[in-house]
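> Have a look at this one.
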Amino acid sequence: MIYLLSQILDRSASRFPDHDAFRCEGVGLTYAELLQRANGLAQWLVAHGVERGDRVGIYLNKSLESAIAVYGIWKAGGAYVPLDPNAPLARTAYAINHCEIRCLITYKGRRSRILDLLQASPTLSCIVGLPDSFELDQSVTRSVTRSVTRCDWTNLPLSDQAPNVRLMEQDLAYIMYTSGSTGTPKGIMHTHRSGLNYAQMAADTYKLTHKDRLGNHSPLHFDMSTLDYFSGPLVGATTVIIPSAYTKLPASLSQLVQDERMTIWYSVPFALIQLLLRGAIEENGEGEKEKRDLSSLRWVLFGGEPYPAKYMYGLMEKLPQARFSNVYGPAEINQCSYYHVPPLADGEPMPDQVAPIGKIWANAEEIVVDDDDRPVSVGEIGELLVRTPTMMQGYWRQPALNERCFYRTEIANQTAVFYRTGDLVQEIDGNYHFVGRKDRQVKIRGYRIELDEIEAALVAHEQVEEAAAYSVPSEVGSVRVEAAVILKSEVTLAKEDLMAFIADRLPSYAMPQQLEIVSVFPRTGTGKIDRRLLQKRAVDSYRVAISEAYSVQ
């Protein structure tokens, strides 16, 4: 019986010892090799003080070592905390200090950042990935008076046995930090039970087998990576870790999909849009052999933000052998619904709307409520609340936030706990449709405006590639809506023409008061549009304009 995430590896190593568990840059790591290296890392961690429930940081670029780190930490009884290697130092140090991380798993290429982290993180005392021969410079030696144990990857042992650590399914398995509404990162706590339930549900829903090859597009600190690191190994599949450089080069990415014969894809829509527009999946006029062969893909999963219909159906046309599914679920609950997109029939017009988030999957339950937590009728818009065994335990050391994010009610004479997703949904024809974020709704002159609706109207224009809408504080007690768009390459479009286009699709009160055409959007580490930064820039610009206006007076 499997009840811990670490047991996934034991079972698959027994069944498929010589099968590649993970691949990266053409190099494979079999299940037998992964088991030995994970056990060896676990033995070293336990020998150097890691105990049941301890948080261990993973500060790695995408690599085979990241898989060893995940399973090695579990086998030592710890919980892994993935840290974004490209995040600002202060943000990384906050997570380390907030979680009281004593041991960090990294590699020598990050040594300059490690020196800074040692000064900013007094809890750090153990580092895997730096050789003993690596000298701490004098400034660090003066400020870091504690002893820092180090071990290079090449010096870690191989072992057929894991440490004798007793764990239960309710024990902590990983903490994933995500942006907080206040700007302070919040740590999402998942247990072995929630992670394993997700792994099993996803594997069943998407019919994963040991013959599959999953394309790991998302970095480890992004919740989408759990499909590749949990569900893939659960069934003995191969996970192909896609180096970050490939995610920025669509043509190289499509080449990798072809060469590695990937069968399962899971990413945010932006990656798929880039694959369609710039991934060399069209004939380029120089012959059919220049076109990528992506016929190995059998299932394309996407989630995290709306996928414009014109791009989704455009890619479906290029990949007729693949099923497409919209995957929905905040990181706090992993996943809770799906929608299998039906292909268009011959002559059927393309829908204007994005795909619904679908039906709540098995072993989960939902309630849709109004602002007073009263269930709404079918067809009415409300906030989606979900309870499921894939749900997080709570936010690390944030009792007030935990109190707000959970909804409790009585079901069958027992207390049932639901997570408040903050997402507004509407049930139509048996499927839930994402209407917008509860906190993406603004009120102007008494009218409720959904910023997602404005974005959908903008991206419906055939010359618009992407759009972002955001609110900007205006007069005291009021806000204004602004928007920015990226046009398709080698296209010119007047802002006035685009405003006229969306005026046919939006009520007058929902029209953005300012529209900007830009060449690139700022993005988060997971590829999503950084709307918070766009909003901040607009706020700063507005304040400068107001200040200049007053100075003239």
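> List the residue pairs whose Cβ atoms are under 9 Å apart, where the first residue sits in the range 372-401 and is over 16 Å from C336 (Cβ atoms), the second is surrounded by fewer than 16 Cβ atoms within 10 Å (Cβ to Cβ) and among the charged types (D, E, K, R), and the two are 6 or more positions apart or on different chains.
Going by the 9 Å Cβ cut-off, the qualifying pairs are V376/D370; E380/D370; I381/D370.
> Go through (1) over 28 Å from L4 (Cα atoms); (2) in contact (Cβ under 8 Å) with a residue 40 or more places away in the chain; (3) among the β-branched types (V, I, T) and name the single condition I360 misses.
(1)
> Applying the selection to the range 67-100, what residues are among the small types (G, A, S), touching a helix residue (DSSP H, G or I) at 6+ places or on another chain (Cβ under 8 Å) and buried (at least 18 other Cβ atoms within 10 Å of the Cβ)?
Going residue by residue through the range 67-100, those that are among the small types (G, A, S) are 67, 69, 72, 76-79, 87, 90, 93, 95.
From what is left, the residues that are touching a helix residue (DSSP H, G or I) at 6+ places or on another chain (Cβ under 8 Å) are 67, 69, 72, 76-79, 90, 93.
Of everything in the range 67-100, those that are among the small types (G, A, S), touching a helix residue (DSSP H, G or I) at 6+ places or on another chain (Cβ under 8 Å) and buried (at least 18 other Cβ atoms within 10 Å of the Cβ) turn out to be A67, A69, G72, A76, G77, G78, A79, A93.
> Give me a count of the residues in the range 453-464 that are touching a strand residue (DSSP E or B) at 6+ places or on another chain (Cβ under 6 Å), buried (at least 18 other Cβ atoms within 10 Å of the Cβ) and within 18 Å of I273 (Cβ to Cβ).
4
> Just to check your reading of the model, which residue among A69, A93 is of a type in the set (A, V, I, L, M), within 25 Å of Q170 (Cβ to Cβ) and in a helix (DSSP H, G or I)? Explain how you work it out, then say what you get.
Working: A93 fails: within 25 Å of Q170 (Cβ to Cβ).
Matching residue, one of A69, A93: A69.
> Step by step: first the residues of the range 329-369, then only those that are under 30 Å from M176 (Cβ atoms) and acidic (D, E), then the one that is surrounded by the fewest Cβ atoms within 10 Å (Cβ to Cβ). Which residue is that? Spell out the reasoning first.
Within the range 329-369, the subset under 30 Å from M176 (Cβ atoms) is 329-341, 354-369.
After this cut, where a residue has to be acidic (D, E) as well, the list is 332, 365-366.
Numbers: E332: 27, E365: 13, E366: 18.
Taking the candidates together, the pick is E365.
> Select from the range 235-255 the residues that are assigned to a helix (DSSP H, G or I) and under 18 Å from D18 (Cα atoms) and list them in ascending order.
V235
> Tally up the residues in the range 505-553 that are loosely packed, with under 14 Cβ neighbours inside 10 Å, in a loop (DSSP other than H, G, I, E, B) and at pLDDT 85 or above, please.
3
> Let me ask you something else. Taking the conditions exactly as written (exposed (fewer than 15 other Cβ atoms within 10 Å of the Cβ), in the same structural domain as V539 (by TED's automatic domain parsing), within 21 Å of Y447 (Cβ to Cβ) and of a type in the set (A, V, I, L, M)), does A494 satisfy them or not? Working first, answer last.
Numbers: exposed (fewer than 15 other Cβ atoms within 10 Å of the Cβ): yes; in the same structural domain as V539 (by TED's automatic domain parsing): yes; within 21 Å of Y447 (Cβ to Cβ): no; of a type in the set (A, V, I, L, M): yes.
So A494 fails the test.
> So, one more: Taking the range 256-273 as the region of interest, how many residues are of a type outside the set (A, V, I, L, M, F, W, C), in contact with a Gly (Cβ under 9 Å, 6 or more places away or on another chain), in a helix (DSSP H, G or I) and within 30 Å of I68 (Cβ to Cβ)?
Within the range 256-273, residues that are of a type outside the set (A, V, I, L, M, F, W, C), in contact with a Gly (Cβ under 9 Å, 6 or more places away or on another chain), in a helix (DSSP H, G or I) and within 30 Å of I68 (Cβ to Cβ) number 2.
> Which of the strands (runs of 3 or more DSSP E) found entirely inside the range 382-474 contain at least 1 residues meeting this: farther than 26 Å from K488 by Cα and modelled with pLDDT under 95? Give the derivation first.
Values: elements: 382-387, 406-411, 414-428, 431-437, 441-444, 447-450, 464-473.
Correct list: 406-411, 414-428, 431-437, 441-444, 447-450, 464-473.
The values are calculated or read from the model by the stated rules, or taken from the named source; none is laboratory data. The structure presented is a predicted model; accordingly, all values stated were derived computationally and were not measured. Backbone-built Cβ (ideal geometry, glycine too); neighbour counts: all protein chains shown.
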